[in-house]
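In what follows, a structure is listed as structure tokens, so that the remarks can point back to it.
The values are calculated or read from the model by the stated rules, or taken from the named source; none is laboratory data. Predicted model only: the values in this text are computed from it and were never measured. Here the Cβ is made from the backbone with ideal geometry for all residues, glycine too, and neighbour counts use every protein chain on show. With ligands, DNA and RNA removed, areas are computed over all heavy atoms of the protein, side chains included. Shrake-Rupley method; radii C 1.70, N 1.55, O 1.52, S 1.80 Å.
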Amino acid sequence: MQALVVLHRRPVGESGWLVNALCERDGHRLLLAPRRQTVQLHQIYRGAWQAEQDWPRLVLAEPEHIFVLTENALFCASYLNELLIRLLPQGEALPGMYQRYIRTLAALTGQQAAEPWLRMFEYQLLSDLGFGFHWHLDTKGDAIRASERYCFDPQSGFAPTGDSGGFPGEVLLAIHQGQLRLPELRVAKHILRQALSEWLAQPLNSRRLFDLPADV
């Protein structure tokens with residue numbers, strides 16, 4: 001048995017759910033659950049499954065904790081779920097991903113400011129998938145300078161512009177140091193959205209369906 005949370009579920013056949021689950025040890029898994037087993041989103045389960053011909057069958061799902069999310073927090077959680085479903089490979093364990101997701105849900109439940117948590121989650125997700133970059137280093141591995149400005153390429157990172165365009169080095173360094181005030185959050189959001197778009201084949205449905213607020 002291991003802890004898991006349901007990211008998405010959809011009916012399959014007349015008596016089952018096909019569930020996208022984020023598992024503590026096994027990462028993103030597709031599991032088949034009987035319709036009578038009403039597994040809910042944003043709830044921690046202690047679960048077990050067994051191999052079947054198509055998808056592993058969920059044979060046990062004991063509820064352990066539910067995150068009560070409303071309004072903006074619910075929209076943000078839906079956004080995180082879609083990010084994970086779209087970007088995480090199935091069956092590949094990524095150390096710390098499950099706990100990071102749980103901590104983010106807990107912060108949203110506690111009505112903490114959503115944007116810093118979302119930006120940290122996005123950056124760490126990209127890093128875990130091998131798509132990451134450094135806020136304090138440029139494409140050549142040289143230290144970012146506070147007095148210079150930098151352009152951003154999702155596949156290579158930051159490069160000096162040599163002019164007045166791009167992003168201030170002092171803001172990039174502040175983000176690296178965890179100083180996420182309004183100017184830094186705006187820059188981080190812009191850059192991370194570019195980076196995520198590079199690896200997403202299509203725009204995220206969660207932004208369109210829920211008309212997500214600016215902090216997402």
Could you list, in sequence order, all residues of the stretch 25-60 that are of a type in the set (Gly, Ala, Ser) and touching a residue at least 24 places away in the same chain (Cβ under 8 Å)? 27, 33, 47, 48
With respect to residue 115, is the statement that it is under 18 Å from residue 189 (Cα atoms) and open to solvent by 70 Å² or more (accessible area, probe 1.4 Å) true? no
For the stretch 53-73: of the residues being within 19 Å of the chain's Cα centre (by Cα) and buried (at least 17 other Cβ atoms within 10 Å of the Cβ), which is nearest to residue 119 (Cα to Cα)? 73
What residue, among those in the stretch 198-216 that are part of a helix (DSSP H, G or I) and either loosely packed, with under 12 Cβ neighbours inside 10 Å or of a type in the set (D, E, K, R) (or both), is modelled with the lowest pLDDT? 209
Just give me the residues in the stretch 176-185 being loosely packed, with under 14 Cβ neighbours inside 10 Å and under 11 Å from residue 115 (Cα atoms), in sequence order. 181, 182
Within the stretch 18-52, restricting to residues that are aliphatic (A, V, I, L, M) and open to solvent by 50 Å² or more (accessible area, probe 1.4 Å), the one that is nearest to residue 66 (Cα to Cα) is 41
Strands (runs of 3 or more DSSP E) contained in the stretch 20-130 and holding at least 2 residues among the polar types (S, T, N, Q): 43-50
Do you know which residues across the stretch 137-169 are among the aliphatic types (A, V, I, L, M) and surrounded by fewer than 17 Cβ atoms within 10 Å (Cβ to Cβ)? 137, 143, 146, 159
Can you spot a residue in the stretch 114-137 that is of a type outside the set (Phe, Trp, Tyr), in contact (Cβ under 8 Å) with a residue 12 or more places away in the chain and over 24 Å from residue 157 (Cα atoms)? yes
